[in-house]
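The values are calculated or read from the model by the stated rules, or taken from the named source; none is laboratory data. Note that the coordinates shown come from a computational prediction; the quantities given were computed from them, not determined experimentally. Here the Cβ positions follow ideal geometry from the backbone for every residue, glycine too, while neighbour counts run over all protein chains shown. Surface accessibility is based on the protein's heavy atoms, side chains included, excluding ligands, DNA and RNA. Shrake-Rupley method; radii C 1.70, N 1.55, O 1.52, S 1.80 Å.
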Amino acid sequence: KATMKSLRFLSAEAFVSNAEFARKSLSSVAHNLFPLLFKASYLLEQGEVIHDLVKNWPLVDFNMGKLLGTTMDYQEDLSHRTCSVCLESCLTGLRDYVLHHPSPYVKRLKLVDLTGIKDVEVQFCDCKKPMGRWARTELLSKLCLELLVHLQQMQCKPRTFKISIDVLVDLFVTERNYELVVQALLQKCYCPLKICCVAFRADNLALQKFFYIIKLTDPSLLRKLEVVHNVRLEMEHLEILFNSIHFPLLMSLTLPARTFNVLRHTATDELMLTTIGEKMGEMTQLTELSLAFSILTGRIQKLLSPLKTPLKMLDVSNCSLNHDDMAYLANSFHSYHLEVLDLSGHDIPGLYPSTFFKLLSHSSSVLRSLILEDCNIQDSHVNMLILGLSPCHKLQDFKFLGNPLSSEALKHLFTFLCELPMLKNVEFPVPMDCYPIGISYPIDDASLCRFDHQKYEKIAEELNLILLQGNREDVKASTPLFGSYDAAVQETNEELGAYLIMSFKETLEKFTASLSKMS
């Protein structure tokens, strides 16, 4: 759908479309028009104009989310356009703002907020080349270090060093950009652009390096911490982290797979679990928690009961929860506040159907996203599922891949889904009748693609027709076989792939060496 543009916005587009003219004329442009010109330049991917607008920015703050978001003049939200041309021009413009010397009085900029940029799968910009979070982290760190070199070489006037701009940013650090980011953070006190990390993601990083860099980021500012995949953080390391560093503003915490393993049943483990729960209880802002692929059987209450703020987001997928865990969740104060819930990898109908529906009933007035992948939901459970979902009027996202459902059951479910007013996205499994007879669930990766693709396409068309006939063409229905799109994984998949191959090689070498010793 075309979005209406005001006359002001159309004029701004006309002005910036001639880059040479626009750049020459900026000095005579009223300060309050800079935000309008910035959004128009971003839409048209006028990199040189973006650079000069930022270089001469006359206002106190520069907030990417607000500048690119819905505005009176042009309602389309451009914050999901992570266009390389635009973002690079923006960040180099910021560097040149510091080096540019019109007069000491013009420098009003105090705060730059880059956290409103959203990474999405499909890019609408012409260049089709996104700059993801990892690349933005690398470029900003590089520019901060370049800036220090420039200032030293130019023996800059003292007033340049008086410039101090807080740059709020989401950092994404892996082995490949670690050294660069560490250098930028170490030099922060000397650099006019002050990196203020409000969200931090670590992947493919040695524990020692993770502990070092997390202290450099100033954890007192951190609102979101994601430690994922190839960071081997276990329960004992988490206890050390929480004992040595305070996170007073932390709202969101994601921990890597196998952080917890309560099957060891040692007294030390129980003590550690209690300490970790208490430390999380001290994080009074914590409302989002992801503990996927840990073994937490019978320990959810111990971990979550110390929390003083109700959780809005909880991911306990593949955590081997038992009936006691589900009963605690259903009866806890968290259940009335859960907006995002992921219970994938649990046999819900077989283990705790009534307790699950109690949890669903409690959260129904606020629930926006429900993920029930590989939960052994069969045709005979669909009517109960419909009954449980009926009061969830705010549900926008429903994902239930990997469940053994027939095409008829899916059609029945889709007819109901048309009635959920806020629903936007559905991820449904390949119907059971598209696979060879006798296939067992959960389906292993090798067999996942071995289904009748022609039959699947026909059924998918029928399901979309149900949505269409229910006037729900606004709902996107799909079957991403290997899970939903993850911008961060997509951006660093080459590095992660190389790491996995290296790990596999090392394991093989160790195995071969031990075989040699045996023989």
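Give me the accessible area per residue for the chain, probe 1.4 Å, as a whole number in Å². Working shown, then result.
Values: 24680 Å² over 519 residues.
With the other protein chains kept in place, the chain gives 48 Å² per residue.
Computed from the mean reciprocal separation of all distinct C-alpha pairs, what Kirkwood hydrodynamic radius does segment 420-469 have, in Å?
Numbers: mean 1/r = 0.0796 Å⁻¹.
Computed over Cα pairs of segment 420-469, the Kirkwood hydrodynamic radius comes out at 12.6 Å.
Which whole-number percentage describes the relative contact order of the chain, with Cα contacts under 8 Å and a sequence gap of 6 or more? Don't jump to the answer; show the numbers that get you there.
Numbers: 888 pairs, mean separation 38.4, N = 519.
Computed value for the chain: 7 percent relative contact order.
Run the numbers for residue 70 and residue 461: contour at 0.36 nm per residue of separation, minus the present Cα-Cα distance, in nm.
Roughly 137.4 nm would be gained on extension.
Quick check: at a probe of 1.4 Å, how many percent of the accessible area of the chain sits on carbon and sulfur atoms?
On the chain, the fraction of accessible area on carbon and sulfur atoms equals 56 percent.
For the chain, give me the percentage of DSSP beta bridges that are antiparallel, rounded to the nearest 5 percent. Write out the running numbers ahead of the final one.
Details: 2 of 46 bridges.
If I count the DSSP bridges inside the chain, around 5 percent turn out antiparallel.
Straight-line reach from residue 458: which lysines have a Cα under 20 Å away, not including same-chain ones fewer than 8 places off?
411, 476
At 0.36 nm per residue, minus the direct Cα-Cα distance, what do residue 8 and residue 153 gain on full extension? Give it in nm, one decimal, please. Kindly include the intermediate steps, with their values, before the conclusion.
Numbers: separation 145, 0.36 × 145 = 52.20 nm, distance 4.27 nm.
Separation in residues times 0.36 nm, less the Cα-Cα distance, equals 47.9 nm.
Using Cα pairs under 8 angstrom and six or more residues apart, how large is the relative contact order of segment 368-501, in percent?
Averaging sequence separation for qualifying contacts and normalising by length gives 25 percent for segment 368-501.
Would you mind checking the tilt of helix 133-154 against the longest principal axis of the Cα atoms of the chain, expressed as 0 to 90 degrees and rounded to 10?
Tilt relative to the chain: about 20 degrees.
If R0 is 30 Å, what FRET efficiency do you get for residue 333 and residue 275 from their C-beta distance, rounded to 0.05?
0.85
Whose amide H sits under 5 Å from the amide H of residue 172, counting only residues 5 or more places off or on another chain, with H placed in the peptide plane?
Distant-sequence amide H within range of residue 172: 137, 201.
Output the 0 to 90 degree angle, nearest 10, between the alpha-carbon long axis of helix 267-282 and the longest principal axis computed from the alpha carbons of the chain.
Once rounded, one gets 50 degrees.
Residues of segment 398-419 with the amide nitrogen closer than 20 Å to a label point 7 Å from the Cα of residue 453, along Cα-to-Cβ, please.
Within reach of a label on residue 453, which here means backbone N under 20 Å from a point 7 Å along Cα→Cβ, segment 398-419 contributes 402.
Considering Cα pairs under 8 angstrom that are at least six residues apart, work out the relative contact order of segment 7-131 and quote it in whole percent. Each step should come with its number before you reach the end.
On the way: 174 pairs, mean separation 36.9, N = 125.
Relative contact order, segment 7-131: 30 percent.
Residue by residue through segment 334-349, which ³J(HN,Hα) values in whole Hz follow from phi under the Karplus form 6.51 cos²θ - 1.76 cosθ + 1.60 (θ = phi - 60°), with glycine and proline marked x?
5, 4, 7, 10, 5, 9, 10, 9, 10, 10, 3, x, 10, 7, 4, x
Could you give each residue of segment 69-81 its phi-based ³J(HN,Hα) in whole Hz, using Karplus coefficients 6.51, -1.76, 1.60 with θ = phi - 60°, and x for Gly or Pro?
My calculation for segment 69-81 gives x, 5, 10, 4, 7, 7, 6, 5, 8, 9, 5, 8, 8 Hz in order.
Holding the Cα-Cα limit at 20 Å, pick out from 129/188; 39/118; 66/394; 24/55; 5/107 the pairs that are longer than that.
Values: 129/188 30 Å; 39/118 16 Å; 66/394 25 Å; 24/55 13 Å; 5/107 31 Å.
Flagged as over cut-off: 129/188; 66/394; 5/107.
On a straight-distance basis, which lysines could pair with residue 308 in a cross-link, Cα separation under 23 angstrom, same-chain partners fewer than 8 positions away excluded?
Partners found: 224, 279, 358.
Given points 7 Å out from each Cα along the Cα-Cβ axis, report the residue 190 to residue 322 separation in nanometres with one decimal.
5.8
Within 10 Å, count the other beta carbons around each residue, average over each peptide in 162-174, 383-395, and list them highest first.
So the order, starting with the most tightly packed, is 162-174, 383-395.
Taking 51 Å as R0, compute the FRET efficiency from the Cβ-Cβ separation of residue 266 and residue 118 and round it to 0.05.
With R0 = 51 Å, the Cβ-Cβ based efficiency is 0.75.
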